[in-house]
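Q: Got a structure here, written out as structure tokens. Questions coming.
Each value in this text was obtained by applying a stated rule to the coordinates, not by laboratory testing. Since the structure is predicted, the reported quantities are computational estimates derived from the model, not experimental observations.
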Amino acid sequence: MNGGAAASASGGWTVLLIYLAVINLLTFIVYGADKRRARKGKWRVPEKTLFLLPLLGGSIGALLGMRVFHHKTKHWYFVWGIPAILLAQIALAVWIYTK
């Protein structure tokens, strides 16, 4: 790689890491807000949204939200689905990185 390409690739990793930090924080907050709304009997975040956020990269935030807020831990499709999404994302990242 020449110097310009290395700087460009480095900037791309920085953007990706910032994106992942933001989407995981957002996902964690949404899981907490949904749990709070569930306790108060208010309007809930749709389950499609609670699955979409991990698919967009927020799988760690979803797992942490499930553990910290004890949210969606009785639904098998969350208990197995969210870790499966994370494993698929890790596999994709390893494949891209080693390619």
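Q: Reachable lysines from LYS99, Cα under 17 Å, same-chain residues fewer than 8 places away excluded?
A: Straight-distance partners of LYS99: none at all.
Q: Sequence neighbours fewer than 8 away in the same chain don't count; with that in mind, list the lysines whose C-alpha is under 28 Å from LYS48.
A: LYS35, LYS40, LYS72, LYS74
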